[in-house]
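Participant: Before we start, here is the structure in question, set down as structure tokens.
The values are calculated or read from the model by the stated rules, or taken from the named source; none is laboratory data. On a predicted model such as this, the values are computed, not experimentally measured, just so you know. Note: ideal-geometry Cβ built from the backbone for every residue, glycine included; neighbour counts use all protein chains shown.
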Amino acid sequence: MQKRITDDIHALMAVIPPAIGEALTAANRIDELLEVILDLGRVPTARYIDGELVLSQAEVTHAELNYVVTPDRRF
């Protein structure tokens, strides 16, 4: 029996920085996504059932983290 991961991907996509969301969409593996890792000073990474994918070669910045935690997305 295969397990299906169910979460509200639309809610996730609404709060992550657009460039990271675009990279997730381009990977075309939303059904296998376990988590998105945004650690300050490290590259953003998507963790999937069978491994990880670097979403950008640029390190995560304070501005990107602020984007995630700022409800109105203005800073």
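Participant: Given (1) out of contact with any strand residue (DSSP E or B) (no Cβ under 7 Å at 6 or more places or on another chain); (2) in a loop (DSSP other than H, G, I, E, B); (3) modelled with pLDDT of 90 or more, where does Glu22 come up short, assuming only one miss?
Facilitator: Just one mismatch for Glu22, condition (2).
Participant: Within region 38-50, which residues are touching a residue at least 12 places away in the same chain (Cβ under 8 Å) and under 14 Å from Thr61 (Cα atoms)?
Facilitator: Here is the first cut: in region 38-50, the residues touching a residue at least 12 places away in the same chain (Cβ under 8 Å) are 38-44, 46-50.
The answer is Leu38, Asp39, Leu40, Gly41, Arg42, Val43, Pro44.
Participant: Turning to a different aspect of this structure: Checking Leu34 against (1) in contact (Cβ under 8 Å) with a residue 12 or more places away in the chain; (2) in a helix (DSSP H, G or I), which single condition isn't satisfied?
Facilitator: So the condition that Leu34 fails would be (2).
Residues are listed down the side, and each one gets a yes or a no for (1) surrounded by 14 or more Cβ atoms within 10 Å (Cβ to Cβ); (2) at pLDDT below 95:
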| site | (1), (2) |
| --- | --- |
| Val36 | yes, no |
| Asp39 | no, no |
| Pro44 | yes, no |
| Ile49 | no, yes |
| Val54 | no, no |
| Ala58 | no, no |
| Val68 | yes, yes |
| Pro71 | no, yes |
| Arg74 | no, yes |
